[in-house]
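The values are calculated or read from the model by the stated rules, or taken from the named source; none is laboratory data. Only a predicted model underlies this, so the values are computations on that prediction, with no experimental measurement involved. Because the Cβ atoms are built from the backbone with ideal geometry, glycine has one as well, and the counts that use them run over all protein chains shown. These area figures cover heavy atoms from the full protein model, side chains too; ligands, DNA and RNA do not enter into them. Shrake-Rupley method; radii C 1.70, N 1.55, O 1.52, S 1.80 Å.
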Amino acid sequence: MTLKMSDIAKIANVSKSAVSIAINGKDGISEETRQKILRIISEQGYTPLRKSRKDASQGIGEITFLVVTTSGVVQDDYRSLPFFNRLISALSVDTSRLNGTLRTVTISADNLADRLDKTVFSNGVLVLGTDLTKNQLLLIKKRLPKAVFLDTYFEDVVADFVTMDNYQGAQLAGSYILEKGYHNIGYFASENLMSNFNERRRGFREALQSKGIKIENDNFYFIPQTKLDPKGLDLRKLGSTLPEAIFCEDDYIAIRLIKAAQKEGIRVPEDLAVMGFDDIFEGTLISPELSTIHVPIDQIARQALTQLQGQLINDDWNPQKTLVATTLVRRESL
């Protein structure tokens, strides 16, 4: 049975016009409702109807979204993480606008080479590169010549990349923390090593160094797995004295930190100021709301499809590395 817009509206308990607004990225509904609708669209595999058969014959066709699962951030339940769910929803909607369909293929990094050889891919592939090592990325590039890598970046690899400007975003965060008058600053880093987080560390440190400030070793913490639940984050084990402000490498860590602090009777931001990175919707559901760095996921999705179209249409296409700038979101946690 082919799903209709009215079916999505019924599942989401909203009007058809609200579904149309969400699909077309227009104003008129809350961000919470928009994300709910896009999540349902992605989960149900709904594809908006084409305007005409003529348009469909000129579309981008079937696009494969390749997800390589690891023991890091992109695990089997990656869709439960708001950032990835939003990215897939945006890709699905934008692929539909190009009169195409998005098919998701999930492969474990443990048997990547074997599965790449045995899987049939469409003519264009978008690769979620969050946890990919350089060697894994090169293997995929060799097997899939028409591919764009999202959410990662390697300076010395000639390929199409689209990701947020992690260095610029972390510099922005560091400058804002300094602007607010904090000098005793901590850093909550993910235990998962990846190019995105490495760039965030570099940008944040250089922002502080420009003002003659550095993060003391005792104030640099490695935090396990990016989950929203504060369980496992014991602030008492981090030392008797916490810094005045802490920058977290992503919003999942920041939200956990705020919840853990409140559990210990530590007031945010009076006793401890907190800042995140990614601007996931869940950051607006806690109190105080999370100050963070906004990542334009919709623009990343559109740009990735633009570069993939360039590969498919132009035989002389030169690989393009796109870093999409981030913006500061001022809220109450800092």
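Here the condition is being modelled with pLDDT under 85 and assigned to a helix (DSSP H, G or I); of Ser42, Ser96, it holds for Ser42 alone. Screening the candidates Asp110, Asp77 for the property of being farther than 15 Å from Asp298 by Cα, acidic (Asp, Glu) and modelled with pLDDT of 90 or more yields one hit, Asp110. Screening Ser175 against (1) assigned to a strand (DSSP E or B); (2) of a type in the set (Ser, Thr, Tyr); (3) free of Cβ contacts under 8 Å to residues at least 40 places away in the same chain leaves a single unmet condition, (1). When the strands (runs of 3 or more DSSP E) confined to the stretch 240-328 are screened for residues that are surrounded by 21 or more Cβ atoms within 10 Å (Cβ to Cβ) and in contact with a helix residue (DSSP H, G or I) (Cβ under 7 Å, 6 or more places away or on another chain), those reaching at least 1 such residues are found at 245-248, 273-275, 292-294. Being open to solvent by less than 20 Å² (accessible area, probe 1.4 Å), hydrophobic (A, V, I, L, M, F, W, C), modelled with pLDDT under 95 and part of a strand (DSSP E or B) is a description that does not apply to Phe197. When the residues of the stretch 263-282 are filtered to those that are at pLDDT 95 or above and of a type in the set (Gly, Ala, Ser), the one that is nearest to Gly169 (Cα to Cα) is Gly276. Screening Arg86 with (1) open to solvent by less than 10 Å² (accessible area, probe 1.4 Å); (2) closer than 26 Å to Lys146 by Cβ; (3) modelled with pLDDT of 85 or more; (4) out of contact with any strand residue (DSSP E or B) (no Cβ under 9 Å at 6 or more places or on another chain) gives one miss only, at (1). Given the criteria at negative phi and either assigned to a strand (DSSP E or B) or open to solvent by less than 10 Å² (accessible area, probe 1.4 Å) (or both), does Val127 qualify? So Val127 fits the description; yes.
So, of the residues in the stretch 178-194 that are aliphatic (A, V, I, L, M) and in a loop (DSSP other than H, G, I, E, B), which turns out to be surrounded by the fewest Cβ atoms within 10 Å (Cβ to Cβ)?
Start the filter on the stretch 178-194 by keeping residues that are aliphatic (A, V, I, L, M), which leaves 178, 185, 189, 193-194.
Cutting the leftovers down to in a loop (DSSP other than H, G, I, E, B) gives us 193-194.
Working: Leu193: 11, Met194: 22.
Going through the qualifying residues, I end up with Leu193.
Pairs are defined by a Cβ separation below 6 Å, a sequence spacing of at least 6 or placement on different chains, a first member in the stretch 52-76 that is closer than 16 Å to Ser108 by Cβ, and a second member that is open to solvent by 30 Å² or more (accessible area, probe 1.4 Å) and modelled with pLDDT under 85; the pairs so defined are Thr69/Gln75; Thr69/Asp76. Suppose the filter is within 21 Å of Asp151 (Cα to Cα) and touching a Ser or Thr at 6+ places or on another chain (Cβ under 9 Å); does Ala254 pass it? Considered against the rule, which asks whether it is within 21 Å of Asp151 (Cα to Cα) and touching a Ser or Thr at 6+ places or on another chain (Cβ under 9 Å), Ala254 comes out as yes.
When the stretch 147-166 is filtered for residues that are in contact with a helix residue (DSSP H, G or I) (Cβ under 6 Å, 6 or more places away or on another chain) and either over 19 Å from Ile300 (Cβ atoms) or small (Gly, Ala, Ser) (or both), only Ala159 remains. Filtering Leu116, Leu139 for residues that are open to solvent by less than 30 Å² (accessible area, probe 1.4 Å), without any contact (Cβ under 8 Å) to a residue 40 or more places away in the chain and in a helix (DSSP H, G or I) leaves a single hit, Leu116. One residue alone among Ser175, Ser108 is within 23 Å of the chain's Cα centre (by Cα), under 21 Å from Val295 (Cβ atoms) and open to solvent by 10 Å² or more (accessible area, probe 1.4 Å), and that residue is Ser175.
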